[in-house]
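K.L.:
My questions all concern the structure below.
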Amino acid sequence: MTASYPALRLRRSRATGWSRALHRETVLTPADLIWPLFVTEGQGVEEPIHSLPGVSRWSVDGIVARAQEAISLGIPCIALFPNTQPDRRSNDGAEAFNPDNLMCRAIRAVRQECGDRIGILTDVALDPYTAHGQDGLVDDDGYVLNDETVAVLVDQAINQAQAGADIIAPSDMMDGRVKAIRMALEMGGHHNVQIMAYAAKYASAFYGPFRDAVGSGGLLKGDKKSYQMDPANSEEALREVALDIAEGADSVMVKPGLPYLDIVAKVKARFDVPVFAYQVSGEYAMIEAAAAAGAGDRDALVLETLMAFKRAGCTGILTYHAAHAARLLNG
Ligand code: PBG
């Protein structure tokens, strides 16, 4: 039963700012954001990333400063990605489980300076460490081996947990890795280390600037279609999410973000689990390019897209715009 025009005028509630505020269904705050950061070697180093204007790689001291900035802005979590030096990349990605690798040094430094005032999320996948740029171990034909890779990812995850990571985020899309990592974390006494599974991660054209940022882009031959999902599929995404939950994921992620909000909404409707989305590097670059070309207002584009993630059902969003958005939201 509903009234009809003119008794019903939906514009009444939109007429003033106070009324729009009163009727707003979705709220976006800095606490919804996770800030991805790129780590590089050195001291006092900031390296701008050309395909991600406004985003830099920072040496560990700079990462600590960004973490402190995040805390002051009300951002609860950072996500770390290393740009491993070329001579430390190998076919087996062994640097991934070196306890003194760049990631572990960054994790320990942030933990030491910031205590538990900020969460540290770490990506589990071999691509920042392999000479071939794939996320796992490859056979002679270049095929990424599943079970052999899972065994190495477990070592990588434990290495990160021992350094102090709070959320382990497997982004590799190997079958069975969440269960293997969860069991290893439990056996290692890391009961409170969470797993945020990149559950529905697509073989996307939107990852280009990220691969520049971690230095794997120039190395990668071919694509990642034998493990990342086909963009044509959504039923399969629900199967992936169901499996990762059954294997022990505390939360799941959909990636990329904006072109896949239908997946976010379906996951949210079907499962009682926190859903995150990754607004990936190519999406960030698109917004920056649009703003630079005068095709839209940067601040408005940033806030509208982040609100769209919340409206679709996200618990939180990984975004390179996190600090900027938080500043806008904090007024
Ligand atoms: C590594 C990883 C990728 C991203 C996050 N983790 C790249 C890839 O799978 O090739 C992409 C993030 C972005 O584009 O911002 N497995």
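K.L.:
Every residue in segment 289-331 that is farther than 26 Å from Ile263 by Cβ and touching a Lys or Arg at 6+ places or on another chain (Cβ under 9 Å), please.
P.N.:
Listed by number, the residues that qualify are Ala291, Ala292, Ala323.
K.L.:
Provide a single number: the residues in segment 140-180 that are out of contact with any strand residue (DSSP E or B) (no Cβ under 6 Å at 6 or more places or on another chain) and assigned to a helix (DSSP H, G or I).
P.N.:
Number satisfying all stated conditions: 16.
K.L.:
Same structure again: Can you find a residue in segment 315-326 that is closer than 30 Å to Leu145 by Cβ and at pLDDT 95 or above?
P.N.:
Yes, because at least one residue in segment 315-326 is closer than 30 Å to Leu145 by Cβ and at pLDDT 95 or above.
K.L.:
Now for a separate question. Go through segment 269-313 and report how many residues are away from the ligand (no atom under 16 Å from the Cβ), touching a residue at least 24 places away in the same chain (Cβ under 8 Å), touching a helix residue (DSSP H, G or I) at 6+ places or on another chain (Cβ under 7 Å) and not aliphatic (A, V, I, L, M).
P.N.:
Result for segment 269-313: 5.
K.L.:
State all residues of segment 273-289 that are over 15 Å from the mean Cα position of the chain (by Cα) and of a type in the set (D, E, K, R); if no residue qualifies, say none.
P.N.:
Hit for segment 273-289 is Glu288, nothing else.
K.L.:
So which residues in segment 159-170 are without any contact (Cβ under 8 Å) to a residue 60 or more places away in the chain and either under 17 Å from the mean Cα position of the chain (by Cα) or surrounded by 20 or more Cβ atoms within 10 Å (Cβ to Cβ) (or both), if there are any at all?
P.N.:
If the condition is that a residue be without any contact (Cβ under 8 Å) to a residue 60 or more places away in the chain and either under 17 Å from the mean Cα position of the chain (by Cα) or surrounded by 20 or more Cβ atoms within 10 Å (Cβ to Cβ) (or both), then Gln160, Ala161, Ala165, Ile168, Pro170 are the ones that fit.
Here's the yes/no breakdown for (1) closer than 30 Å to Ala109 by Cβ; (2) hydrophobic (A, V, I, L, M, F, W, C):
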| position | (1), (2) |
| --- | --- |
| Arg14 | no, no |
| Ser19 | no, no |
| Trp35 | yes, yes |
| Gln43 | yes, no |
| Glu47 | yes, no |
| His50 | yes, no |
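K.L.:
Scan the strands (runs of 3 or more DSSP E) fully inside segment 249-329 and keep the ones with 1 or more residues being surrounded by fewer than 19 Cβ atoms within 10 Å (Cβ to Cβ). Break it down stepwise before answering.
P.N.:
Numbers: elements: 251-255, 275-279, 316-319.
No strands (runs of 3 or more DSSP E) qualify here.
The values are calculated or read from the model by the stated rules, or taken from the named source; none is laboratory data. Since the model is a prediction, treat every value here as computed from it, not as a measurement. Quick reminder, even Gly has a Cβ in these numbers, built from the backbone with ideal geometry, and neighbours come from all protein chains shown.
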